[in-house]
1. Taking segment 287-320, which residues are at positive phi and open to solvent by less than 40 Å² (accessible area, probe 1.4 Å)?
2. How do the pairs read when you match residues in segment 80-92 that are farther than 16 Å from ASP102 by Cα and outside any loop (DSSP other than H, G, I, E, B) with residues anywhere that are modelled with pLDDT of 90 or more and hydroxyl-bearing (Ser, Thr, Tyr), using Cβ under 8 Å and keeping only pairs 6 or more apart or on different chains?
3. Would you confirm, using the coordinates I've provided, whether GLY191 is within 30 Å of ILE323 (Cβ to Cβ) and either part of a helix (DSSP H, G or I) or modelled with pLDDT of 85 or more (or both)?
4. So, THR61, is that one at pLDDT below 95 and in contact with a His (Cβ under 9 Å, 6 or more places away or on another chain) or not?
5. What is the number of the single condition among (1) assigned to a loop (DSSP other than H, G, I, E, B); (2) under 18 Å from ALA364 (Cβ atoms); (3) open to solvent by 30 Å² or more (accessible area, probe 1.4 Å) that PRO329 does not meet?
6. Out of the residues in segment 265-302 meeting the condition of being among the hydroxyl-bearing types (Ser, Thr, Tyr) and free of Cβ contacts under 8 Å to residues at least 40 places away in the same chain, tell me which one is farthest from ARG330 (Cα to Cα).
7. Based on what the data block shows, is LEU271 crowded, with 16+ Cβ neighbours inside 10 Å, under 30 Å from ILE153 (Cα atoms) and at pLDDT below 90?
8. Keeping to segment 200-243, report how many residues are open to solvent by 50 Å² or more (accessible area, probe 1.4 Å) and within 16 Å of SER154 (Cβ to Cβ).
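The values are calculated or read from the model by the stated rules, or taken from the named source; none is laboratory data. In this text, all values refer to a predicted model and were calculated from it rather than measured experimentally. Every residue, glycine as well, gets a Cβ built from its backbone with ideal geometry; the counts of neighbours run over all protein chains shown. Each accessible area value is taken on the protein alone, full model and side chains, heavy atoms only, with ligands, DNA and RNA left out. Shrake-Rupley method; radii C 1.70, N 1.55, O 1.52, S 1.80 Å.
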Amino acid sequence: MRHIKPSSMTVSLVVFLPLLWKGITCLAGYSIRVSPSVSVQEGLCLTIPCTFTANYRNTFTNSFGYWKQMPISPDYIVATNDKSSEVKKTNFNLTGNPDTGDCTLTITGARKEDEGEYFFRFEESKYSKVKYSYNREMRTTITVPDLTEEPVISDVGTLTAGIDKTVTCAPPGDCHVTSFIFQWKKSDVSGIWKNSSTVTFTPSLEDHQKTITCEMRNSTQRTILLDVCCPTSVTITSEINGKKKKKLDSFKVTEGSSVILRCSVQSNLTLNVTWMDEKNNVLQCGTEKDLELRLENTTMNQTGTYTCSALTEHVINSANVNITVQYPPRIMEITIHSSNGTARPASPQVDINLNEKLTLVCRADGDPPSTVVWIRGKDEGNTSIISNNGLSAVMNVTSSMADVYRCSAWNALGLRERLIKIAIKQDNSGSANTQKPIDSQISYRDIAIAFICGIIITTLIVLLYKLIKRKKTTKKNTYLNANDNSANAEPQTDDIYAKVGNPEQKAEEETYNNIQDDLHSVNLDQDDLHYSTVAFTEKPSKMPSSQPETEYAEIKRK
């Protein structure tokens, strides 16, 4: 009997089986289509397509299908969907659904005893009359030859050195078989390498062009050739001022030094090696396994990370090195802030008002970090440190501290200094400016003093007013008493004059009284006091003979 390889068998199932199927009509309305003969190598699997009709139909409900082996035996069932029936072969399975007219049979792990003739029986139900055994017109013969097909190893492609790879070995065919025993062998390993269907290993450059073999059930095997590529490592070494150093991830050099970086690559393929800085600028490139990068007369701007990359057609590998270029203090920055909220330019001379306070801040760079201090006075011998705050120094200056101040910054590589003169601001006349902002002149003490002074001045004014009023009253009384005494002492020489009122005299008396009232009113209402003197002429000695003379009162204002 001719053995069909599984690969050939697959083609047969797809192309030739439909041609070999026979559409057999048994009874009226009953037919089946299945291959009359199939072959499966020992240990492999096989699927036999099968369709049928019963009572002119191929659609049913809760129907049952049975595959049985000849000779005819009602109890010798090899595959069924009827769970109440016992099956004789565990590697035979009815994978088709009888309810849809599908009677496909699947065989896994074929054995020699599986050879023979098989037929299909259909029952619509236990109590239905629609049931039929397709054993007379169509039987299927199954043969199981020896296993000759090689196992299938998964495609490993090109391996990368240093990266794990998993390889799987499987039997030929489309069915999953777990009954096989797999053994792995490796050309550089004696004996059995692994006992499993799957193996995971880490290839190296030494594995390039080596072989691994999968053997299935001590009968057939498959060997593949490993293709390992790419560098396993990229090594960077350095040389500083002619002195070689071992592999370092980072190191420090002094500004002005000469540095050589060497990149060494291990690979069995053509390489593209490139040196780049941390901004991905290409500094050097080549195709050799060793590539140098030279940094002459290094500066602070060359501090950073340098990368050597090795590129093949499959993968890229790289290594990094960090270089720190150390330098003395370079950049010194001085800022000046005033107590009035403004900023001053850091000029060689800065003016300060008498009531102003300036804050001087000095910062300086450097690697290693610089020590920064403020020193008062320009005398080199003055070592009085005013303020020190690590990388910066802060100094508060008032007008009483006007002087020369020196910011000094140093590290192990050098020193840097800067002078600033603080001078008291002069006004246009050449004297120190004493003017202060209005808000700085006013204080609670000034307000209290002004209040007390106001009270004292007011009290003095009141007392002075009362004193003047009292003096004027005394003077008035004295004057009136004097006039009264003078009038009483004078004898009346004329009765008619005494009894008959003189109009002019009455007018003078009224005028005097009005003046006294006005004077009293002025004394009460005005702060500025005015004095008036009223002088009367002597009383006439006799009455006028014909017409009266007009007497005048003289009022003098003092």
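1. GLY304
2. Taking only residues 6 or more apart or on different chains, the pairs are VAL87/THR80.
3. Criteria not met by GLY191.
4. For THR61, the condition - at pLDDT below 95 and in contact with a His (Cβ under 9 Å, 6 or more places away or on another chain) - is not met.
5. Tallying (1) assigned to a loop (DSSP other than H, G, I, E, B); (2) under 18 Å from ALA364 (Cβ atoms); (3) open to solvent by 30 Å² or more (accessible area, probe 1.4 Å), PRO329 fails exactly one: (3).
6. Quick first cut of segment 265-302, residues among the hydroxyl-bearing types (Ser, Thr, Tyr) only: 267, 270, 274, 287, 298-299.
Within this subset, residues satisfying the condition of being free of Cβ contacts under 8 Å to residues at least 40 places away in the same chain are 274, 287.
Values: THR274: 33, THR287: 40 Å.
Among residues in segment 265-302 that are among the hydroxyl-bearing types (Ser, Thr, Tyr) and free of Cβ contacts under 8 Å to residues at least 40 places away in the same chain, the one farthest from ARG330 (Cα to Cα) is THR287.
7. no
8. 6
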